[in-house]
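Asks: Take this structure first; my questions come after.
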Amino acid sequence: MTVNRTILGRPLRGVAFDAFVSATVALLGLAGLAHQPGGGMATLVGAAMAVALLFRRTHPSAVALVVAALALVQVVAGWGPLAFDVAVLIALYSVVKYADRLRDGVLAGIGAAVGVVLAGLQTQGAISWWATAIYYGLVTGAVWLVGLNVRTRRLYVLSLEERAATLEREREAEARAAVAGERTRIARELHDVVAHSMAVMIVQADGARFTLDRDPETARQAVKVVADTGRQALEEMRRLVGVLREPDAPDAEAGPGDAGASADPAHRRLALAELPALLDRFRAAGLRTRHAVSGKPAPMPPGLELTVYRVVQEGLTNALKHAGVGADVEVTVTHAGDAVLVRVVDDGRGRPPVSPAPSGGHGLVGMRERVGVYDGSLTAGPRLAGGWQVEARLPLPSTSPTTEVTAA
């Protein structure tokens, strides 16, 4: 794990580098103490520049002003360019790179140009002042351009990081909204299943009450149905815990497969019986669907049966949206004793629909939420031969629900 150490809110690395730069400038001032013009006073000016450079990242414009003022003192005193005047170039680079406004860097460049002319005028020797000024001007201009290039790159990287962070936040928000919406829908459907179980218990209890004296055996069977249905309802309610439910949230837009299993609790309870009708609706929408059931079907809770229906529905919806009209889709439901295996495979060789295919939910997010409610597993991904496949495994409860019996 990487530890980012800071000093006064600044990265330790940056502080150490600035301290090194400042110490170098101070040493350059001390090195010429004995023979440079101005002697000790010039060394103090160099030391002041070195101290100012410690704050070149956090206050670049102020540091540039301080260094420029100290350089002006040097010019007025007639000391000429000295070794520690490298601080002027460092301050110029810093204000161009770190200042909030590029205007500060432009003003610093203009000030540096004036300083270059003044430094050239103070130069003594065989070389003319204008040649010296050109040399200093080239060096100063190169430093200014390097600072501008680094500033541009730094701002570009910052913009990319901000954009990436914004996109990440948007993706997380969309994922949370999708999960919340799908949990709302799941909670409504499970609520209806449990409500159906309660209705069955009431009917059976009333039947047992009226037949208790006339037909004890029928009453006994009705009481057994009440107990089994109550256990099943309790299990459904246990699965409902943790699923956020908003009673007034609007339903998702219905797709070709929404008509059969969401109209009322009776349809939901007979969700698997509605699979042929679901396939017919998607055939009418343009898919070439095949359906196969293997194994011996075992009774299962209505909510689990509805989950199987929804996985098939969402798989077909995704095939219609992405594989396109005319794609071949194979739906396989395998009853494996302790679990139900659902597989939806398309060849990906259809053509895009004329209008966007409506969704029956929230795609893989919704399917994972539904399968997760029943402790199942879901895998989805492209096939080597082309197309897409979705496979879900839904374990059956340890105790199978008892078939409903209506009292006479």
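The values are calculated or read from the model by the stated rules, or taken from the named source; none is laboratory data. These numbers come from a predicted model, not from an experiment. Glycine gets a Cβ as well: all are built from the backbone with ideal geometry, and neighbour counts include every protein chain shown. When the accessible area is computed, the model is the full protein with side chains, heavy atoms only, and any ligands, DNA or RNA have been set aside. Shrake-Rupley method; radii C 1.70, N 1.55, O 1.52, S 1.80 Å.
Asks: Which one of these does E404 not meet: (1) of a type outside the set (S, T, N, Q); (2) open to solvent by less than 50 Å² (accessible area, probe 1.4 Å); (3) at pLDDT below 90?
Replies: Evaluating E404 over (1) of a type outside the set (S, T, N, Q); (2) open to solvent by less than 50 Å² (accessible area, probe 1.4 Å); (3) at pLDDT below 90 leaves (2) as the failure.
Asks: So, in the range 365-391, of the ones that are under 20 Å from A187 (Cα atoms) and not in a helix (DSSP H, G or I), which residue ends up most open to solvent (accessible area, probe 1.4 Å)?
Replies: Within the range 365-391, the subset under 20 Å from A187 (Cα atoms) is 365-378.
Those left that are additionally not in a helix (DSSP H, G or I): 374-378.
Numbers: Y374: 7, D375: 115, G376: 26, S377: 62, L378: 27 Å².
So the residue we want is D375.
Asks: Please pick out the residue among A266, A319, A285 that is aliphatic (A, V, I, L, M) and at pLDDT 80 or above. Show your work before the answer.
Replies: Working: A266 fails: at pLDDT 80 or above; A285 fails: at pLDDT 80 or above.
Selected residue: A319, the only one of A266, A319, A285 that is aliphatic (A, V, I, L, M) and at pLDDT 80 or above.
Asks: Another question, then. How about the range 46-127: which helices (runs of 4 or more DSSP H) wholly inside it have at least 3 residues that are within 24 Å of A16 (Cβ to Cβ) and within 47 Å of the chain's Cα centre (by Cα)?
Replies: In the range 46-127, the matching helices (runs of 4 or more DSSP H) lie at 60-77, 86-98.
Asks: What are the pairs with Cβ atoms under 7 angstrom where one residue, in the range 314-331, is over 14 Å from G386 (Cα atoms) and in a helix (DSSP H, G or I) and the other, located anywhere, is among the aromatic types (F, W, Y) and open to solvent by less than 10 Å² (accessible area, probe 1.4 Å)? Sequence gap at least six, or different chains.
Replies: From the range 314-331, the pairs are L316/F282; L320/F282.
Asks: Related question: Among the residues that make up the range 219-231, is at least one of them open to solvent by less than 90 Å² (accessible area, probe 1.4 Å), at pLDDT below 60 and aliphatic (A, V, I, L, M)? Walk me through it before giving the result.
Replies: Narrowing the range 219-231 to residues open to solvent by less than 90 Å² (accessible area, probe 1.4 Å): 219, 221-223, 225-230.
Now narrow it down to the ones that are at pLDDT below 60: none.
No: the range 219-231 contains no residue that is open to solvent by less than 90 Å² (accessible area, probe 1.4 Å), at pLDDT below 60 and aliphatic (A, V, I, L, M).
Asks: Kindly list, by first and then second residue, each pair from a residue in the range 165-192 that is acidic (D, E) to a residue that is part of a helix (DSSP H, G or I) and at pLDDT 80 or above, limited to pairs with Cβ atoms under 6 Å and residues at least 6 apart or on different chains.
Replies: So the pair list comes out as E189/L306.
Asks: Any residue in the range 333-353 that is without any contact (Cβ under 8 Å) to a residue 60 or more places away in the chain sitting within a Cβ distance under 6 Å of a residue that is among the aromatic types (F, W, Y)? List the pairs, counting only those 6 or more apart or interchain.
Replies: Between residues of the range 333-353 that are without any contact (Cβ under 8 Å) to a residue 60 or more places away in the chain and residues that are among the aromatic types (F, W, Y), the close pairs are D346/W388.
Asks: Quick one: what pairs do we get from the range 67-93, first residue touching a residue at least 40 places away in the same chain (Cβ under 8 Å) and more than 15 Å from G120 (Cα to Cα), second crowded, with 16+ Cβ neighbours inside 10 Å and hydroxyl-bearing (S, T, Y), C-beta under 8 Å, 6+ apart or different chains?
Replies: The qualifying pairs are L89/T140; L92/T140.
Asks: If a residue has to be buried (at least 19 other Cβ atoms within 10 Å of the Cβ) and either more than 23 Å from P397 (Cβ to Cβ) or under 49 Å from the mean Cα position of the chain (by Cα) (or both) to count, how many in the range 202-218 make the cut? Talk me through it step by step, then tell me what you get.
Replies: Of all residues in the range 202-218, those buried (at least 19 other Cβ atoms within 10 Å of the Cβ) come to 204, 207-208.
Next, only the ones that are either more than 23 Å from P397 (Cβ to Cβ) or under 49 Å from the mean Cα position of the chain (by Cα) (or both) stay: 207-208.
Residues meeting the conditions: 2.
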